[in-house]
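Chemist: Structure below; questions to follow.
The values are calculated or read from the model by the stated rules, or taken from the named source; none is laboratory data. Please read these numbers as outputs of a predicted model, since none were measured by experiment. Methodologically, a virtual Cβ is constructed for each residue, glycine included, from the backbone with ideal geometry; neighbour enumeration extends over all protein chains shown.
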Amino acid sequence: MLNRGMFEIKYDEAFSQVVRKCGSLRMHREGTWITPDMVAAYERLHEMGLAHSVEVYSKGILCGGLYGVSLGGIFFGESMFSEMANASKVALISLCQELKRRNFGFIDCQLPTDHLISMGAVPIHREIYLESLQGELCKETLTGDWSAVFGQSENSQLC
């Protein structure tokens with residue numbers, strides 16, 4: 001799946017599309033918390049350089065991605081979507097690689113879903129989480145447009 005040239009990965013280039021796709025795909029299955037007011041709030045956080053997206057394209061078409069908020073050394077994952085097998089996995093793996101390079105402490109996945117656990121997510125006890133949170137929030141926040149700093153040439157990686 002990775003390093004086969006099947007997908008192109010970009011950051012922060014289609015933020016609103018990713019948020020809206022996450023909301024619309026969930027609405028039909030399990031409901032969504034991604035209401036128009038929440039979309040507007042995340043778009044504002046994106047404009048402030050705090051909310052970011054990872055987009056996965058196949059043949060130039062957005063087919064998967066995720067978004068969340070970055071504070072200090074933590075990425076707070078909000079939602080992900082996939083319209084093609086493995087597209088959301090590719091987004092998460094790419095994000096993990098980029099965050100590791102920049103010394104992020106962890107990704108807060110919020111809910112331990114089977115999908116996330118299959119990719120290595122582990123639940124942690126509240127006390128450990130709060131202690132880790134305190135330390136990681138003291139780090140400088142990587143703000144701004146991540147398309148300028150993540151990925152390879154012109155913010156595009158082929159996987």
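Chemist: If I ask for residues that are closer than 22 Å to VAL90 by Cβ and either at pLDDT below 95 or in contact with an Asp or Glu (Cβ under 6 Å, 6 or more places away or on another chain) (or both), which ones from segment 63-73 would you list?
Modeler: Scanning segment 63-73 gives CYS63, GLY65, TYR67, GLY68.
Chemist: Residues being under 23 Å from THR143 (Cα atoms) and either buried (at least 24 other Cβ atoms within 10 Å of the Cβ) or more than 11 Å from the chain's Cα centre (by Cα) (or both): count how many of those fall in segment 46-63.
Modeler: 10
Chemist: Name the one entry in GLY144, GLY135, GLY151 that is of a type in the set (Gly, Ala, Ser), surrounded by 12 or more Cβ atoms within 10 Å (Cβ to Cβ), in a loop (DSSP other than H, G, I, E, B) and at pLDDT 85 or above.
Modeler: The conditions single out GLY144.
Chemist: So in segment 8-45, with the set limited to residues that are in a helix (DSSP H, G or I) and buried (at least 21 other Cβ atoms within 10 Å of the Cβ), which one is modelled with the lowest pLDDT?
Modeler: Taking the candidates together, the pick is CYS22.
Chemist: Quick check: anything in segment 99-112 within 19 Å of ALA14 (Cα to Cα), among the polar types (S, T, N, Q) and either in contact with a Gly (Cβ under 8 Å, 6 or more places away or on another chain) or at pLDDT 90 or above (or both)?
Modeler: No, because not a single residue in segment 99-112 is within 19 Å of ALA14 (Cα to Cα), among the polar types (S, T, N, Q) and either in contact with a Gly (Cβ under 8 Å, 6 or more places away or on another chain) or at pLDDT 90 or above (or both).
Chemist: Sticking with this one: Restricting the search to segment 51-69, which residues are among the small types (Gly, Ala, Ser) and over 17 Å from CYS22 (Cβ atoms)?
Modeler: SER58, GLY60
Chemist: Which residue pairs have Cβ atoms under 9 Å apart, sit 6 or more places apart or on different chains, and have a first residue in segment 61-88 that is assigned to a loop (DSSP other than H, G, I, E, B) and a second that is surrounded by 18 or more Cβ atoms within 10 Å (Cβ to Cβ) and of a type in the set (Gly, Ala, Ser)?
Modeler: Partner pairs satisfying both residue conditions: GLU83/GLY64; MET84/GLY64; ASN86/GLY64.
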